[in-house]
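The values are calculated or read from the model by the stated rules, or taken from the named source; none is laboratory data. Worth saying up front: this structure is predicted, and the values here are computed from it rather than measured. All Cβ positions, even for glycine, are placed from backbone atoms using ideal geometry, and neighbour counts span all protein chains on display. Protein only, heavy atoms only, side chains kept; ligands, DNA and RNA dropped before computing areas. Shrake-Rupley method; radii C 1.70, N 1.55, O 1.52, S 1.80 Å.
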Amino acid sequence: MSSQRILLIDDDNELSQLVNDYLTLDGFSLDVAADGVSGLERAQSGLYQLILLDVMLPGLDGLSLLRQLRQSSYCPVLMLTARGDDIDRIVGLELGADDYLAKPFNPRELSARVRAILRRVELAQQQSVNPVAAPLLELNQVQLNRQNRQVWCLGLQVVLTATEFQILDYLMSHAGQVITKEDLSKAVLGRALQQYDRSLDMHISNIRKKLAGCDPAEKIQTLRGSGYLFLEQA
């Protein structure tokens, strides 16, 4: 992963220097933008494999930046939020963030989250070139194509983020089976499930909303205390 380029959008100079020092030593190439306007312009350049995005930014706040970015790019985004600010986390995930990390954070945890996201992207790219499993999944009116990374439902394309695609892929690959949140977190997010972590719930909610735009029939059930189940048929 030594060639991976990361963009940090944050106006905290001290934090930016810390992140730069740590991720550089960890083998990454890091660029920094200190405001939302210039950050959005650089994020839309297509030069980066991952974006670290602070919520509180001058000029253009992080959530507004993410909303505009998702109109043209699905580059993975890791949101940096204030500790305990659940609203920003939830809104960020609804807008298409791949994950979030609360400030202040341990640099090792940041590096672990970055690597987990980049591994998901790399795995997805490998599957699209040489899928080990069946390249096409078709269940309950949903068609998922691993080669072109597209999802269709009743003839209409469903645009998903990389993380949403991986979650749907995993659930469809295990259709008819109850998948625990713990297993899904480890398989897709690359980490053990953490207390009060709403990431999976929000990603599942986003997938449901997008599929419902094509077909209102239920596709994914949430089984309280157990996990998630992709229905083989409505």
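Okay, here's what the table says:
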item: Residue match in the stretch 78-87 (condition: open to solvent by less than 10 Å² (accessible area, probe 1.4 Å), of a type in the set (S, T, N, Q) and not in a helix (DSSP H, G or I)); result: yes
item: Residues of the stretch 210-226 that turn out to be hydroxyl-bearing (Ser, Thr, Tyr) and either without any contact (Cβ under 8 Å) to a residue 40 or more places away in the chain or closer than 18 Å to Trp152 by Cβ (or both), as a count; result: 1
item: Subset of the stretch 169-188 (residues that are touching a residue at least 40 places away in the same chain (Cβ under 8 Å) and of a type outside the set (D, E, K, R)); result: Leu171, Met172, Ser173, His174, Ala175, Gly176, Gln177, Val178, Ile179, Thr180, Leu184, Val188
item: Scope the stretch 215-232; condition open to solvent by less than 50 Å² (accessible area, probe 1.4 Å) and under 18 Å from His174 (Cβ atoms); matching residues; result: Lys219, Ile220, Gly227, Tyr228, Leu229, Phe230, Leu231
item: Scope the stretch 190-209; condition among the hydrophobic types (A, V, I, L, M, F, W, C), in contact (Cβ under 8 Å) with a residue 12 or more places away in the chain and either open to solvent by 70 Å² or more (accessible area, probe 1.4 Å) or not in a helix (DSSP H, G or I) (or both); matching residues; result: Leu193
item: Set Ala175, Ala187, Ala212: member being open to solvent by less than 60 Å² (accessible area, probe 1.4 Å), closer than 20 Å to Arg115 by Cβ and not aromatic (Phe, Trp, Tyr); result: Ala187
item: Asp99 being among the acidic types (Asp, Glu) and within 20 Å of Ser16 (Cα to Cα); result: yes
item: Residue within the stretch 57-66 that is of a type in the set (Gly, Ala, Ser), under 17 Å from the mean Cα position of the chain (by Cα), under 19 Å from Arg191 (Cα atoms) and surrounded by 16 or more Cβ atoms within 10 Å (Cβ to Cβ) present; result: no
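Condition check ((1) modelled with pLDDT of 90 or more; (2) buried (at least 17 other Cβ atoms within 10 Å of the Cβ); (3) within 20 Å of Leu63 (Cα to Cα)) across all residues:
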position	(1), (2), (3)
Arg89	no, yes, yes
Gly96	yes, yes, yes
Arg120	no, yes, no
Gln125	no, no, no
Pro135	no, no, no
Val151	yes, yes, no
Leu154	yes, no, no
